[in-house]
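Engineer: I'd like to ask you about the structure that follows.
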Amino acid sequence: MKLIVQIPCLDEARTLPATLAALPREVPGFDAVEWLVVDDGSTDGTAEVARRHGVDHLVRLTSNRGLANAFQAGLDACLKLGADVIVNTDGDNQYAGADVEALVAPILAGRADMVVGDRDPQSDPDASPAKRRLLRVGGIVVRTASGTGVADPTSGFRAYNREAALQLQVVTDYTYTLESLIQAGKQLVALEQVPVRTNPGTRPSRLYPSTWSYVRRNALAIFRVYAQYEPLRVFWGAALVLALCAAAIWGRFLYFLVVEGTGRGHVQSLLLGAALFNAATILGALGVLGDLLHAQRVLGQRTLERVRRVELAVGVAPSHYEGLHDGHETRLARS
């Protein structure tokens, strides 16, 4: 059994040594524990720091592709390097490396295919009230869309077994945490959560320079992911609201026309109701189109999963991979 801990990094030369120092080299249940760093176009020498501190594998993207793409590149490399279980953590030393053992325990016990580390974000003393409200609302939306009970959907400290990793295909450029959770729920991947510890912050977040940015970007991401996976609920729900508003306005017009006999003076209500009804019809049509696109997305995802299995079977080397030890380089060259 092999465990690979992957660490997507962007300019983490300062914090990566502490992150690596906290990671275990031995975990009960595994014959080998290896580390893989995904350098997402860093310009501060992150790759060189990774080499000096004993990383087993390095994936270097030629330019900054974003966290979601770096995560997917690492996942692909871990699978092709023979990982049975993959743990994803951050390069800024946010999570306690010692909790890797707790994170993989449900997978080793055969209870889960995917495990999410729960930071209990509602108790974070540094979180603003707006951020806490968004986390609460976002958690409800993601749990509804995915059919899961994960309390900390934005946590990046996660573990996947081989089958769960094979099925996962993230297409969102900005965030992978929400989309992967919804995918797990839709694919009936057995999912658990375990409490994990966090370390004091080492720097301000690069993803969220301010609370307003956090609220805006996450709200848009939640809406986008939810609309991708539940288009009928989103668009037909909005269409129903507009249709009810149109019916109420038309009812007002009919009241004045039939009861008061002054319908000519309220033609604007008739026009407004017609405009709202047309908008509702358009939203309903968008819901149908979105549902058809979602079906194609599912088929495409299943195709990509089969392509990935074929690549593993024929020994295709990881993309942008730089082996750090002779054994790895030789094995990949032979493949």
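Engineer: Please find, within region 85-96, the residue that is farthest from the chain's Cα centre (by Cα) out of those that are of a type in the set (A, V, I, L, M, F, W, C) and within 19 Å of residue 19 (Cα to Cα). First the steps, then the outcome.
Structural biologist: Step one: filter region 85-96 for residues of a type in the set (A, V, I, L, M, F, W, C), giving 85-87, 96.
From what's left, within 19 Å of residue 19 (Cα to Cα): 86-87, 96.
Working: 86: 15, 87: 14, 96: 20 Å.
Going through the qualifying residues, I end up with 96.
Engineer: Identify, from the list 77, 109, the residue that is of a type in the set (A, V, I, L, M), without any contact (Cβ under 8 Å) to a residue 24 or more places away in the chain and farther than 23 Å from residue 199 by Cα.
Structural biologist: After ruling out the rest, the residue left standing is 109.
Engineer: Of all residues in region 114-169, how many are among the polar types (S, T, N, Q) and farther than 19 Å from residue 183 by Cα?
Structural biologist: Adding up the residues that qualify gives 3.
Engineer: Scan region 257-266 residue by residue and report those that are without any contact (Cβ under 8 Å) to a residue 12 or more places away in the chain and on the phi < 0 side of the Ramachandran plot. Steps first, please.
Structural biologist: Applying the first criterion (without any contact (Cβ under 8 Å) to a residue 12 or more places away in the chain) to region 257-266 yields 257-265.
Correct list: 257, 258, 259, 260, 262, 263, 264, 265.
Engineer: Quick check on residue 104: is it in the same structural domain as residue 57 (by TED's automatic domain parsing), assigned to a helix (DSSP H, G or I), modelled with pLDDT under 80 and not charged (D, E, K, R)?
Structural biologist: no
Engineer: Continuing with the same structure: If we scan region 62-76, do we find a residue that is part of a helix (DSSP H, G or I) and either outside the structural domain of residue 189 (by TED's automatic domain parsing) or more than 23 Å from residue 169 (Cα to Cα) (or both)? Walk me through it before giving the result.
Structural biologist: Going through region 62-76, the residues part of a helix (DSSP H, G or I) turn out to be 67-76.
Now narrow it down to the ones that are either outside the structural domain of residue 189 (by TED's automatic domain parsing) or more than 23 Å from residue 169 (Cα to Cα) (or both): none.
No, there is no match, as no residue in region 62-76 is part of a helix (DSSP H, G or I) and either outside the structural domain of residue 189 (by TED's automatic domain parsing) or more than 23 Å from residue 169 (Cα to Cα) (or both).
Engineer: If you take the residues of region 98-147 that are under 17 Å from residue 29 (Cα atoms) and of a type in the set (Gly, Ala, Ser), which of them is surrounded by the most Cβ atoms within 10 Å (Cβ to Cβ)?
Structural biologist: 112
Engineer: Listed residues 118, 113, 99, 152; which is among the charged types (D, E, K, R) and under 13 Å from the mean Cα position of the chain (by Cα)? Lay out the reasoning, then the answer.
Structural biologist: On the way: 118 fails: under 13 Å from the mean Cα position of the chain (by Cα); 113 fails: under 13 Å from the mean Cα position of the chain (by Cα); 99 fails: under 13 Å from the mean Cα position of the chain (by Cα).
Testing whether each residue is among the charged types (D, E, K, R) and under 13 Å from the mean Cα position of the chain (by Cα) leaves just 152.
Engineer: Something else now. For region 8-19, enumerate the residues that are crowded, with 17+ Cβ neighbours inside 10 Å and either of a type in the set (D, E, K, R) or in contact with a Leu (Cβ under 7 Å, 6 or more places away or on another chain) (or both).
Structural biologist: Of everything in region 8-19, those that are crowded, with 17+ Cβ neighbours inside 10 Å and either of a type in the set (D, E, K, R) or in contact with a Leu (Cβ under 7 Å, 6 or more places away or on another chain) (or both) turn out to be 8, 9, 11, 12.
The values are calculated or read from the model by the stated rules, or taken from the named source; none is laboratory data. Bear in mind that the values here come from a model prediction, so they are computed numbers and not experimental data. Using ideal geometry, Cβ is built from the backbone for each residue, glycine included, and neighbour counts are taken over all protein chains shown.
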